[in-house]
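Beneath this line is the structure, given in structure tokens, with notes to follow.
The values are calculated or read from the model by the stated rules, or taken from the named source; none is laboratory data. These figures come from a predicted structure and were not determined experimentally. In this analysis, Cβ positions are derived from the backbone assuming ideal geometry, glycine residues included, and neighbour counts consider all displayed protein chains.
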């Protein structure tokens with residue numbers, strides 16, 4: 001019996017009152033319990049995470065990357081001779097019956113196509129953050145989750161940590177009172193020429209470069225309009241270009257916004273406004289910006305304003321962030337603060353353990369911490385996802401129901417930053433009402449051969 005047939009057959013046994021309806025693997029399987037996992041975007045350092053965090057304990061059956069040379073190094077690290085593919089579409093066409101799950105670690109602009117191609121075949125998916133490159137894609141993946149009944153997870157790994165749970169518990173216990181203001185801060189992007197993660201071209205379009213050996217440049221571009229090769233587009237630096245990445249907000253927003261979105265139960269904002277931004281070439285992210293997100297009241301919670309800062313900032317001008325002594329240098333590099341009527345809860349870049357201010361409130365918290373009301377995750381986000389597939393644990397916390405909403409919030413901020421504008425968002429209809437011409441970026445066109453999800 002093929003592995004996928006075995007998993008599907010055993011799923012009927014797992015669907016009980018003990019395990020959620022999405023779980024398809026039989027708990028407690030023995031010798032044959034390993035999943036067949038494929039890696040899409042298996043070159044580069046980020047593709048090494050799965051090996052170290054649980055996926056290496058399963059059966060890794062295929063590797064896929066548009067950069068053959070880069071992927072070869074990782075395949076050596078995995079100590080495997082499993083098949084290699086350049087095109088995930090070819091891999092899924094040939095091997096989908098023998099693949100249970102995929103880990104997708106491609107640049108942002110190809111997340112959606114790879115994810116949909118897998119989900120349509122009933123394959124479970126783990127996708128690096130941000131979930132998608134535009135809002136329509138995020139909403140479509142949420143529809144696909146419900147249609148195809150697969151186990152999903154976005155890789156904002158802090159969501160699986162105990163720190164974010166402690167922060168949410170502290171807020172729910174009333175530690176800091178009513179929250180109306182959130183500050184999310186990031187000292188990047190680093191736009192120096194030697195930066196590993198960002199590029200700052202002198203002109204747009206940038207100068208052309210020779211295509212590196214082993215790189216399929218056409219496949220790397222995926223659904224976007226083809227253009228000449230430039231070496232600043234690849235190897236992490238693609239985050240600098242709005243057509244491929246989403247800047248520092250897209251890169252770190254899924255981490256830093258995670259705690260307030262969960263704790264305050266934030267739905268997409270009604271208004272997002274770029275208050276200021278550094279000048280940049282068309283299509284290139286700015287070196288710094290301030291963006292305000294306005295969330296309406298919900299339940300017993302009043303309206304919330306979330307302010308995002310990236311790049312070099314004059315922290316003396318930030319205002320209420322100093323209400324509880326938060327402007328200390330060690331508090332502001334990369335952090336997020338929920339500011340309430342009694343105090344503030346801060347967390348690190350990846351939704352880390354709570355920092356409490358002012359000092360007397362921190363002392364009180366340390367002496368009498370709220371009860372743990374949210375179950376802790378053992379082993380991190382990959383193992384959380386793998387256990388859910390096997391029916392051995394609950395649905396992952398950053399499944400697409402949650403992460404699609406989080407990503408939509410981030411993407412609205414990216415649009416406001418990109419066009420240095422105010423966006424009035426009709427969430428019910430998925431439309432920008434005050435700048436209707438920007439709706440072309442809510443659902444971006446794709447080139448032939450890359451259209452997915454149109455039937456949902």
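A few comments on the model shown:
- Selected residue (criterion: nearest to residue 283 (Cα to Cα)) from residues of the range 389-403 that are part of a helix (DSSP H, G or I) and under 19 Å from the mean Cα position of the chain (by Cα): 403
- Test: residue in the range 404-415 that is in a loop (DSSP other than H, G, I, E, B) and closer than 25 Å to residue 158 by Cα: no
- Residues of the range 424-439 satisfying the condition of being under 15 Å from residue 136 (Cβ atoms) and either in contact with a strand residue (DSSP E or B) (Cβ under 7 Å, 6 or more places away or on another chain) or outside the structural domain of residue 284 (by TED's automatic domain parsing) (or both): 425, 432, 438, 439
- Answer from 262, 308 - the residue that is within 16 Å of the chain's Cα centre (by Cα), surrounded by 20 or more Cβ atoms within 10 Å (Cβ to Cβ) and under 30 Å from residue 176 (Cα atoms): 262
- Residue in the range 333-346 that is touching a helix residue (DSSP H, G or I) at 6+ places or on another chain (Cβ under 6 Å), within 28 Å of residue 276 (Cα to Cα) and in a loop (DSSP other than H, G, I, E, B) present: yes
- Some residue of the range 357-369 being part of a strand (DSSP E or B) and at pLDDT below 95: yes
- Some residue of the range 171-193 being closer than 30 Å to residue 429 by Cβ, part of a loop (DSSP other than H, G, I, E, B) and in contact with a helix residue (DSSP H, G or I) (Cβ under 9 Å, 6 or more places away or on another chain): no
- If the condition is being surrounded by 16 or more Cβ atoms within 10 Å (Cβ to Cβ) and part of a loop (DSSP other than H, G, I, E, B), then the range 147-170 contributes 150, 151, 155, 156, 161.
- Looking across the range 194-234, the residues that are part of a loop (DSSP other than H, G, I, E, B) and within 30 Å of residue 348 (Cα to Cα) come down to 194, 195, 196, 197, 198, 199, 200, 234.
- Residue 256 being loosely packed, with under 14 Cβ neighbours inside 10 Å, within 23 Å of residue 420 (Cα to Cα) and not assigned by TED's automatic domain parsing to the domain that holds residue 108: no
- Which listed residue, of 411, 406, 415, is farther than 26 Å from residue 301 by Cα, within 17 Å of the chain's Cα centre (by Cα) and modelled with pLDDT of 95 or more: 415
A quick yes/no check of all residues on (1) farther than 20 Å from residue 112 by Cβ; (2) assigned by TED's automatic domain parsing to the domain that holds residue 148; (3) crowded, with 23+ Cβ neighbours inside 10 Å; (4) free of Cβ contacts under 8 Å to residues at least 60 places away in the same chain:
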position: 385; (1), (2), (3), (4): no, yes, yes, no
position: 388; (1), (2), (3), (4): yes, yes, yes, no
position: 392; (1), (2), (3), (4): yes, yes, no, no
position: 421; (1), (2), (3), (4): yes, no, no, no
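- Residue within the range 199-213 that is under 16 Å from residue 281 (Cα atoms) and under 24 Å from the mean Cα position of the chain (by Cα) present: yes
- Leading residue by the ranking (farthest from residue 172 (Cα to Cα)) among those in the range 322-349 that are at pLDDT 85 or above and within 22 Å of the chain's Cα centre (by Cα): 336
- Of the listed requirements (1) closer than 24 Å to residue 160 by Cβ; (2) at pLDDT 95 or above, residue 256 misses just one: (2).
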